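The values are calculated or read from the model by the stated rules, or taken from the named source; none is laboratory data. Predicted model, so just to flag it, every value in this text is computed and none were measured. So basically every Cβ, Gly included, is an ideal-geometry build from the backbone, and we count neighbours across all protein chains shown. The area values use the complete protein model at the heavy-atom level, side chains included, leaving out ligands, DNA and RNA. Shrake-Rupley method; radii C 1.70, N 1.55, O 1.52, S 1.80 Å.
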Amino acid sequence: MTNGIFHQTGAALLITALALVLTGSLAPLQAQDESTPTIEEKTEGMQKMDGFFPMYWDEQAGTLWLEIGLFDTEVLYARGLAAGLGSNDIGLDRGQSGGSRIVTFQRVGPKILMVQPNYAYRSSSDDADERRAVEEGFAISTLWGFTVAAETDGRVLVDTTDFLIRDAHNVIGRLRQRTNSTYRLDTSRSAIHLPYTKAFPKNSEMDVTLTYTSDQPGGLVGTVAPSAGAVTLRLHYSLVELPGPGFTPREADPRSGVGAISYRDYSTPLGEPMIKRFARRHRLEKQDPTAEVSEPVEPIVYYLDRGAPEPVRSALLEGAGWWNQAFEAAGYRNAFRVERLPEGADKMDVRYNVINWVHRSTRGWSSGGSVTDPRTGEIIRGQVTLGSLRVRQDYLIAEGLLLPYENGTEAPPELEAMALARIRQLAAHEVGHTLGFGHNYYASPLGRVSVLDYPHPLITLLQNGTLDFSEAYDVGIGEWDNVFVEWAYQDFPDGTDEDAALKGILSDARARGLMYMTNQDTQVSPLVHQWANGRDPAAELDRLMDLRRNSLNRFGENSIKLGMPLATMEEVLVPLYLHHRYQIIAAASGLGGMNYTYALRGDGQIPLERVSGNAQRRVLDSLIRTLHPAELTLPQTVLDNLPPRPSGFGRNRELFPRYTGGMFDAITPAVSLAEITVSNILNEQRAARLVEQNALDSNLPGLDEVLGQLIAGTFGVEPADAYQAEILRAVERVVVDGLSNLAAGADMPQVRAIATYRLRELNQRSTSNSGRGDVSNRAHYALLATDIERFLERPADAYQQPDAPNLPPGEPIGDPALDWLAGTSLWCSEWDQ
């Protein structure tokens, strides 16, 4: 199998070589034009940087020259941002990968072409004609063309300045997409960045400063750049020697959670899958595969950005270093290390697996990606990006729960301890992605079993009303993480049936209650969730509601330090009020949900079983509880002590939306929270599952039953006072708008039918109520009746609902901010909750 992976490239090089021989342009055979200077003549007086591809710096002209002596030899070409913009919304971050690809340099007369072969379509056949047929059936990509400026003994010199000083990272497109502003690259304000342009024996590194200008830049860029009309970033390029032979690809298994490369093999025998999948993993071998414990031939080493401060630095080193526990469990000694990046080293140098510490003006993404050899699945480089505001957000969450400032000067150790515990886990999480591992969100009966989960802080409300933070986040690697490493990195002795051994690893794990389930399963299985704890989502939601209410009832000046404006209590209030937001999402997955596995034929697993009717109804009860006015109101002591914000402390997106201008809005926080619950109950795919499950088993709740309970739990509630009454009216509006969206937009006709039927009932109910109660009540129901009737009478595309208030940011997983990153294996985009 290994040899077959390289067949296509060998055929490509042979064809290219034959073509160049026939045209008389093969570099070693080509007679040098007498008018073409030698490299030595051309570069006289230039600064030489000798290495993998030697480079020459012309100080007078400001140009960088590259010496190419490796023709028709595959090398790795990579690029990324060395210095970023600092805006999470725009997404141009320090250390961000711009992708990598395999290229060859091919000479055609006076031209040098940089060509990317097509590894998506291959042939593993021993027949050269069969391989050539596949190669010629699919396009290659010529990425750049250089002109020979000098030549010595078949080695040529080319000017790379235009190749380097261009918008190779699509910064212009990104700025246009995110800011609706038109920028252009100003080459007069762009140049080679010499301090990080270096050559080494196995890689050559090139760095440039690029300045983008705009006459109408808009406001978003101006929040992070000193002048929005002139934004200077740094782009880094690498040419790297590819790994040599000796790496054995490992066939992927979806149950393992180890990511994979894939391609189509057109030489596959009939009856076998054409798509081949091989696990992405670093090269790691035991010095003695027969030994129970062995030193590695070469350890995996990660380097931490020197810009990370203490005490965060020590936490990151410790957390990322947890992975050595898993390698030790797999029989390796000292196989995984984490160290500070050597002083003077370039973090963009692809020889280093790097953990980047990235600053932004707002909290945002952390991610773990890798540069992978598409021929074999070998990970060449791991690259982690950690947002620096993550640790501060956890500190804020702890402040809201603990409310520690009775005197206003305290510094409780629990706050920093919880924040640093989270940053350790985050470091381990993102490094895990760069080792080849995907998210594991499965709620094992063994508890928290993987750092590749998204953990919610496990804070316990004790009987005396105090909070226990001792188990907020787990410590060390999880039991499933040991499975990850053993499956991906175990070096089996000669004679081992590797396929059987790998299947045995997963079978043994499953027998212990360990499985792999990931992102796409979170909306379907109540045992697969993000930012949640436990295996009973309804019970956990009720527990978090009690915990949240306990802190809300005590909330006040004790949430901020002495001397801070009272208005800044809102920053602490937001994450506390929304503390259960992700558990709402986790609980909703039980409605119309099923428990299932990635079963393969013959592996003995139960493919699926639907969540019981009783469990689904308990989930619905807990969800409806979150909509009760008593759960959505804020204590009067909070409302009496939250003044408008003072000068210099303007509003930002971390605060609640409001209709009230400068004054704090007591209603819209409830609207935002109700929107989370209602939108999850009325998810159109969930609604379709409810219709189908009830048709298949009448003991399971159907969509009509769920809608009936939702309406009874909102329209059928008696508020305790005028504040609760106003919140209840706001919640009823959210329910009507949600039903209207479902009736108008669901793909399944029966979903639209049932939602429309319930809307007609609400129309009658609202019409009847519009003549009862005080003027606020009559006005509310009169407008509801009017809006429902207008919706029912007009086509869906003619009915425009007002936008709901924007919720403060939390978890936009899968945000388009990361979709544009092409050519890199990006596994995780974790938002600071």
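Could you work out how far the C-alpha centroid of the stretch 709-728 sits from that of the stretch 470-544, in angstrom?
What the calculation gives is 42 Å, centre to centre.
Given +1 on the Cβ of Lys and Arg, -1 on the Cβ of Asp and Glu, and no further charges, what dipole in debye does the stretch 345-430 carry about its Cα centre, rounded to the nearest 20?
Once rounded to the nearest 20, the dipole reads 420 debye.
Using Stokes-Einstein with the Kirkwood hydrodynamic radius over Cα pairs, what translational diffusion coefficient do you get for the stretch 495-557 at 4 °C and a viscosity of 1.567 mPa s, in µm²/s rounded to a whole number?
D, rounded to a whole number, is 85 µm²/s.
By how many nm would the segment from A329 to E41 grow when fully extended, if each residue of separation counts as 0.36 nm and the alpha-carbon distance is taken off?
Between A329 and E41, full extension yields 97.8 nm more.
Compute the orientation-averaged projected area for the stretch 220-343 from the convex hull of its Cα atoms and round it to one decimal in nm².
Reported value for the Cα convex hull: 14.5 nm².
Which value in Å does the Kirkwood hydrodynamic radius of the stretch 35-136 take, with 1/r averaged over all unlike C-alpha pairs and then inverted?
Answer for the stretch 35-136: a Kirkwood hydrodynamic radius of 17.5 Å.
Of L620, L389, S525, which is farthest along the charge dipole of the chain in the positive direction, counting Lys and Arg as +1 and Asp and Glu as -1 at C-beta?
Value computed over the given set: L620.
Say each of R184 and R306 gets a label point 7 Å from the Cα, pointing the same way as Cα to Cβ; how far apart are those two points in nm?
3.9
Report the net charge of residues surrounding L317, where surrounding means a beta-carbon distance below 15 angstrom and charges are Lys +1, Arg +1, Asp -1, Glu -1.
0
What's the FRET efficiency of A744 with E416 using the Cβ-Cβ distance as r and R₀ = 35 Å, to the nearest 0.05?
0.10
Placing +1 on the Cβ of each Lys and Arg and -1 on the Cβ of each Asp and Glu in the chain, which of N806, I380, G319 has its Cα farthest towards the positive end of the resulting dipole?
The one lying farthest along the dipole's positive direction is N806.
Residue by residue through the stretch 647-653, what is 3J(HN,Hα) from phi via Karplus (6.51 cos²θ - 1.76 cosθ + 1.60, θ = phi - 60°)? Round to whole Hz and write x for glycine and proline.
Result, rounded to whole Hz: 4, x, 10, x, 5, 8, 6.
In nm, what is the difference between 0.36 nm times the number of residues separating N407 and S470 and their Cα-Cα distance?
Length gained between N407 and S470: 20.3 nm.
With everything on Cα atoms, drop me the angle between helix 537-553 and the longest principal axis of the chain, reported from 0 to 90° to the nearest 10.
Approximately 70 degrees, to the nearest 10.
Show me the three semi-axes of the equivalent ellipsoid for the stretch 665-793, from the C-alpha gyration tensor (sqrt of 5 times each eigenvalue), largest first, rounded to whole Å.
26, 16, 13
Could you state the number of Å between the C-alpha centres of the stretch 282-356 and the stretch 136-151?
One Cα centre to the other: 37 Å.
Using a 1.4 Å probe over the heavy atoms of the protein chains, calculate the carbon and sulfur portion of the accessible area of the stretch 206-319 as a whole percent.
Here it works out to 50 percent.
With every protein chain kept in place and ligands, DNA and RNA left out, what is the accessible area per residue of the chain? Probe 1.4 Å, answer in Å².
On a per-residue basis, the chain sits at 41 Å².
Taking the chain as the reference, fit the longest principal axis to its C-alpha atoms, fit the long axis of helix 312-321 to the helix C-alpha atoms, and give the angle between the two in degrees, 0 to 90, nearest 10.
Helix 312-321 sits roughly 70 degrees off the main axis of the chain.
222 nm [θ] for the chain, helices only, -39500 (n - 2.57) per DSSP H run of 4+, per residue, to 500?
Taken over the chain, the calculation gives -10500 deg cm²/dmol.
Classify the stretch 564-625 as rounded, prolate or oblate, taking a ≥ b ≥ c as the square roots of the eigenvalues of its Cα gyration tensor: rounded when a/c is under 1.5, otherwise prolate if a/b is larger than b/c and oblate if not.
Oblate, since a/c reaches 1.5 and b/c is not below a/b.
Which Cα, out of I606, I560, A538, lies furthest along the positive dipole direction of the stretch 511-670 (beta carbon charges, K/R +1, D/E -1)?
I606
Using only the Cα atoms of the chain, what are the Rg and Dmax in Å?
30.3, 101
Based only on the alpha carbon positions, what is the Kirkwood hydrodynamic radius of the stretch 231-284, in angstrom?
Result for the stretch 231-284 stands at 14.5 Å.
Return the sequence-ordered ³J(HN,Hα) values of the stretch 512-529 in whole Hz as given by the Karplus equation 6.51 cos²θ - 1.76 cosθ + 1.60 applied to θ = phi - 60°, using x for Gly and Pro.
My calculation for the stretch 512-529 gives 8, x, 10, 9, 10, 9, 9, 3, 5, 8, 5, 8, 10, 10, x, 9, 10, 8 Hz in order.
Using θ = phi - 60° and the Karplus curve 6.51 cos²θ - 1.76 cosθ + 1.60, what whole-Hz ³J(HN,Hα) does each residue of the stretch 204-211 get, with Gly and Pro shown as x?
Computed from phi, the couplings for the stretch 204-211 are 10, 10, 10, 10, 9, 9, 10, 10 Hz.
Under 5 Å between amide H atoms, partner at least 5 residues away or on a different chain: which partners does G98 have, H built in plane at 1.01 Å?
When sequence neighbours closer than 5 places are left aside, the close amide H contacts are R79, G80, L81.
Quick one: of K202/K347; K42/K347; K202/K276; K111/K202; K48/K202; K48/K198, which pairs are farther than 21 Å apart, Cα to Cα?
Checking Cα-Cα distances, K42/K347; K202/K276; K111/K202 exceed 21 Å.
Once every Cα of the stretch 436-536 carries one equal point scatterer and solvent is ignored, give the base-10 log of I(q)/I(0) from the Debye formula at q = 0.12, 0.19 Å⁻¹, two decimals.
Those come out to -0.48, -0.96, one per q.
Taking amide H positions as placed in the peptide plane 1.01 Å from N, state which residues far from V108 in sequence (5 or more) or on other chains have amide H under 5 Å from it.
L113
Long-range amide H contacts for E410: which residues qualify at under 5 Å (H placed 1.01 Å from N, peptide plane, sequence gap of 5 or more or a different chain)?
Hits under the 5 Å cutoff: none.
For the full complex of protein chains and a 1.4 angstrom probe, list T104, T460 by accessible area with the highest value first.
Descending accessible area places them as T460, T104.
Mind checking the dipole of the stretch 613-701: about its Cα centre, +1 per Lys or Arg Cβ, -1 per Asp or Glu Cβ, Debye to the nearest 20?
160
Treating the beta-carbon of each Lys and Arg as +1 and of each Asp and Glu as -1, no other charges, what is the dipole magnitude of the chain about its Cα centre, to the nearest 20 debye?
Here the size comes out at about 1660 debye.
Which percent of the accessible heavy-atom area of the stretch 495-652 goes to carbon and sulfur, probe 1.4 angstrom?
Exposed carbon and sulfur together represent 53 percent of the surface.
Compute the acute angle (0 to 90°) between the alpha-carbon long axis of helix 684-696 and the principal axis of greatest extent of the alpha-carbon atoms of the chain; round to the nearest 10°.
70
Convex hull over the Cα atoms of the stretch 206-258, averaged projected area in nm²?
Value for the stretch 206-258: 7.9 nm².
Tell me, what is the Rg over Rh of the stretch 608-690, with Rh the Kirkwood radius over Cα pairs?
Here Rg/Rh amounts to 1.14.
Along the three principal axes, how long is the stretch 383-453 when you take its alpha carbons, biggest first, rounded to the nearest angstrom?
So the three principal-axis extents are 48, 32, 14 Å.
Compute the Cα gyration tensor for the stretch 86-169, then decide on rounded, prolate or oblate, letting a ≥ b ≥ c be the square roots of its eigenvalues: rounded whenever a/c is under 1.5, prolate when a/b is larger than b/c in the other cases, and oblate in all that remain.
oblate
For Q520 and R794, FRET efficiency with R0 = 60 Å and r from the beta-carbon atoms, rounded to 0.05?
Efficiency, from the Cβ-Cβ distance: 0.95.
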